[in-house]
Amino acid sequence: MLDPILYTFDFGSFQIPIRWYGLLVVAGALAGAWYAAWYFKRKGEDPNLVWDALIWLLISGIVGARIWYVVSDIIGGGQRYLTDPLSIVYINQGGLNILGGVMLAALVGWYYAKRNKIDFWLLADAIGPGALLGQAIGRLGNYINQELYGPPTTLPWGIPIEAAHRLAPWNDMTQYPFETTRFHPTFAYEMIWNLLFVGLLTWLIIRYGDRLKTGVIAASALVIAGVGRTWIELFRPDQPRFFGTAVSTSMVVSIIFALIGVFILLVKLGKINVPFMKAGSVDYARKPVRRPPRERIRRQER
């Protein structure tokens, strides 16, 4: 097993650890931004707009992921953040939920698009598959941290989990010995799911990009994320339950995501009409055109 801490900087009595999880989250964000920039360039738009938005989307995504993690824990009956509210800001102790990150980042993305006078749905189409790609890369950090695993399994791809990271009753090493007990790698299921559909969406963009209406890719990514997470939640015994039911809070939100994605998809394809959302447009769905380089303007020597 890899040590979750890659390196530690010592500053006198202070120590700053560099964790694999944090590095992989940043790597995932950069990969997602690269994908979104590629999409923007393909549509003839300025890819720098994506890189300018990256820092805002990354910060809002982390904040939103933390907020929903805390809220989800409270809904599931947890008392930690109610009895010790200051621990909410201790993000270095772990506790992020990507679903909350998507919600807050979407609001920030809408504001960014409005402020910069670009089509929000064009931005969402670029970010949708990029977010799936980034999340897939970040899931490798869950393996290093030995978290987000499922129940024991005899399948050949099961993974070992050390006793210190196990949930009850699987932390009883007499009944579930380390040498023979393996667990569902649910983080890997989500990673594979995301990568497969990033590939499919990329194929659709390349094959039908000049005919795809704005919002279709974003809605499809939302459906993919919602359906995938709903299925994976069936293997996640560690998740808080929705007000004491057998359904996890993340499953409820994932189902809502999928339904919203289907609704947006129908609107953008022109199948249904609603007063607060326009159908998709093909104005941006054009093939990339190489522009001639600008001539440099030489300053006159005085």
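Please treat every number below as a calculation from the coordinates, not as lab data. A quick note: this is a predicted structure, and the numbers were derived from the prediction, not measured. Don't worry about glycine lacking a Cβ; one is built from the backbone with ideal geometry, like all the others, and counts go over all protein chains shown.
With the simple spin-label model, which puts each label point 7 Å out from Cα in the Cβ direction, the Ile59 to Arg80 separation comes to 2.6 nm. Calculated FRET efficiency, Leu195 to Met173, Cβ-Cβ distance, R0 = 41 Å: about 0.75 to the nearest 0.05. Counting only residues at least eight positions apart within a chain, or on another chain, the aspartates and glutamates with an alpha carbon under 18 Å from that of Lys114 are Glu45, Asp46, Asp52, Asp125, Asp283. Among 21-30, 100-109, 162-171, the peptide with the highest mean count of other Cβ atoms within 10 Å heads the list, and the full ranking is 100-109, 21-30, 162-171. The fewest-to-most ranking of Lys114, Lys268 by surrounding Cβ atoms within 10 Å reads Lys114, Lys268.
Please find the FRET efficiency linking Arg207 to Ile18, where r is the Cβ-Cβ separation and R0 is fixed at 25 Å, and quote it to the nearest 0.05. The formula returns an efficiency of 0.05 here. Against the chain, whose longest principal axis is taken from its Cα atoms, helix 120-145 shows a tilt of about 30°.
Once the Kirkwood radius over Cα pairs is known for the stretch 164-207, the Stokes-Einstein relation at 20 °C and 1.002 mPa s delivers a diffusion coefficient of 162 µm²/s. Among Arg80, Arg211, Arg182, determine the one that fluctuates most according to a GNM of the chain built with springs between C-alpha atoms less than 10 Å apart. Per the Cα network of the chain with a 10 Å cutoff, Arg80 tops the list. Local charge for Glu147 was computed over the other residues whose Cβ lies under 12 Å away, with Lys and Arg +1 and Asp and Glu -1, and equals +1.
Going from the fewest other Cβ atoms within 10 Å to the most, the residues Arg66, Arg139 appear in the order Arg66, Arg139. Computed over all pairs of different Cα atoms, the Kirkwood value for the hydrodynamic radius of the chain is 21.3 Å. Restriction of the chymotrypsin sites (Phe, Trp or Tyr not before Pro) in the stretch 67-101 to DSSP coil positions whose beta-carbon has at most 14 other beta-carbons within 10 angstrom yields Tyr90.
Note on Leu266 and Thr154: the extension gain reaches 36.2 nm, defined as 0.36 nm multiplied by sequence separation minus the Cα-Cα distance.
For Lys271, a cut-off of 18 angstrom between C-alpha atoms picks up these lysines, skipping any fewer than 8 places away in its own chain: Lys213. Spin-label model, Val247/Lys114: points 7 Å from Cα along the beta carbon direction are separated by 3.1 nm.
Relative contact order, whole percent, for the chain stands at 20, derived from Cα pairs under 8 Å and 6 or more residues apart.
Listing Phe9, Phe276, Phe242, Phe178 from fewest to most neighbouring C-beta atoms within 10 Å gives Phe276, Phe9, Phe178, Phe242.
Full extension of the chain segment joining Asp46 with Leu30 gains 4.1 nm, where the gain is 0.36 nm per residue of separation less the Cα-Cα distance. Net charge in the neighbourhood of Ala33 (other residues with Cβ under 13 Å of its Cβ; Lys, Arg +1, Asp, Glu -1) is 0.
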